[in-house]
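Novice: Okay, handing you the structure first.
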Amino acid sequence: MKIFFNKQWTLFLDRDGVINRRPINDYVKRPADFELLPAVTEAIRLLSGIFGRIIVVTNQQGVGLGLMTAQSLDEIHRLMLEKIEESGGKIDAVFSCTDLKTIPDNCRKPSRFMGEKALEAFPEIRFEQSVMLGDTQSDILFGKSFGMKTIQIGSEKLEQAADLKFNSLYQFARYCQL
């Protein structure tokens, strides 16, 4: 099933494991720990020419655990945005949830919280014309809760399958150009 995207569509991206390398059993705690995955800036540059909006939604409980500060998280996101913009790409907004997963009714994906925040900031978003791209089950469930198309990055076996699956963000960007 080929899906055709255009400027009417919004792309939601997870961060760790999609944009940057996910540390094994750890967190990206400071800008020096932040390492973009191969061809990510080129992928986002290409996707910026296709999608009307690109929004990052990321669970970041490292702040809630006290392993990093909210200021460090902001610095990491500023660095990410700078590197993407230097390559000609754009991300319209970054929404993060720093709640612990053990807190009842937390804002972490798959909770709809960050999607609703995105809609408040960009009321023109139509979730039926949106895509959630991530590497974990919570990313896919988040997208499906809004009726979005869902794209899995990576080869991990997930209980709830995504609509499409790619090895990398760059591979998805190439698919969108065909």
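Novice: Assuming 0.36 nm per residue, please report the length gained on full extension of the stretch R30 to S145 beyond their Cα-Cα distance. Intermediate values should be presented prior to the final figure.
Specialist: Values: separation 115, 0.36 × 115 = 41.40 nm, distance 3.15 nm.
Full-extension gain reported as 38.2 nm.
Novice: Taking neighbour counts of Cβ atoms within 10 Å as a proxy for exposure, in what order, fewest first, do T102, T69 appear? Could you put the intermediate results ahead of the total?
Specialist: On the way: T102 8, T69 14.
Taking fewest neighbouring Cβ atoms as first place, the list is T102, T69.
Novice: So what's the Cα pair-distance distribution over the chain, bin width 10 Å, in %?
Specialist: Values per bin, smallest distances first: 10, 41, 40, 10, 0.
Novice: Please list, by residue number, everything in segment 132-148 whose backbone N is under 17 Å from a paramagnetic label point 7 Å out along Cα→Cβ of S155.
Specialist: What the label zone holds, given the 17 Å backbone N cut-off, is 135-136.
Novice: To check you understand DSSP bridge types, tell me what percent of the beta bridges within the chain (both residues inside) are antiparallel, rounded to 5.
Specialist: About 5 percent, rounded to the nearest 5.
Novice: Oh, and also: Gap in Å between the Cα centre of segment 26-101 and the Cα centre of segment 153-178?
Specialist: Spelled out, the Cα-based centre of one part sits 19 Å from the other.
Novice: Can you give the local net charge around Q152? Use residues other than it whose beta-carbon is closer than 11 angstrom to its beta-carbon, Lys and Arg +1, Asp and Glu -1.
Specialist: The answer is -3.
Novice: What number comes out for the charge environment of E128, summing +1 per Lys or Arg and -1 per Asp or Glu over other residues with Cβ under 14 Å away?
Specialist: Summing Lys and Arg as +1 and Asp and Glu as -1 gives +1.
Novice: Further question on the same structure: Step through the table entries K2/K109; K109/K165; K90/K149; K2/K144; K29/K109; K90/K144, compare each Cα-Cα distance with 23 Å, and write down the pairs that go over it.
Specialist: Where the Cα-Cα span goes over 23 Å, the pairs concerned are K2/K109; K90/K144.
Novice: Answer with one residue from Q160, L119, G17: the one whose Cα lies farthest towards the positive end of the charge dipole of segment 10-177, charges on Cβ with Lys, Arg +1 and Asp, Glu -1.
Specialist: Highest projection toward the positive end goes to Q160.
Novice: Once the other residues with Cβ under 14 Å from the Cβ of D163 are scored (Lys, Arg +1; Asp, Glu -1), what is the net sum? Could you put the intermediate results ahead of the total?
Specialist: Details: positive: K2, K144, K149, K165; negative: E128, D139.
Around D163, the charge tally is +2.
Novice: Summing -39500 (n - 2.57) over the DSSP H runs of n ≥ 4 in the chain and dividing by its residue number, what mean residue ellipticity at 222 nm do you reach, to the nearest 500 deg cm²/dmol?
Specialist: Estimated from H runs of four or more residues: -9000 deg cm²/dmol.
Novice: Give me Rg/Rg_expected for segment 11-104, where Rg uses Cα atoms only and Rg_expected = 2.2 N^0.38 Å with N residues.
Specialist: Rounded to two decimals, the normalised Rg is 1.07.
Novice: With +1 on each Lys and Arg Cβ and -1 on each Asp and Glu Cβ, and nothing else charged, work out how big the dipole of segment 10-177 is about its Cα centre, in Debye to the nearest 20.
Specialist: It comes to approximately 240 debye.
Novice: Can you compute the modelled spin-label distance between I3 and L79, with each label point 7 Å from Cα toward Cβ, in nm?
Specialist: Distance between label points: 3.1 nm.
Novice: Also, quick follow-up: What residues of segment 123-144 lie in the reach of a label at L65, counting those whose backbone N is under 20 Å from a point 7 Å from the Cα along Cα→Cβ?
Specialist: Those under the cut-off are 135-139.
Novice: Hey, with R₀ at 22 Å, roughly what FRET efficiency would E124 and D163 work out to, going by the Cβ-Cβ distance, to 0.05?
Specialist: Efficiency computed from Cβ-Cβ geometry: 0.45.
Novice: Right, here's the next one. What ranking of D16, D163 emerges when the number of other C-beta atoms within 10 Å of each C-beta is taken as an exposure proxy, fewest first?
Specialist: D163, D16
Laboratory data are not the source of any read-out in this text; all were calculated from the coordinates shown. Quick caveat: nothing in here was measured; it's all calculated off a predicted structure. Backbone-built Cβ (ideal geometry, glycine too); neighbour counts: all protein chains shown.
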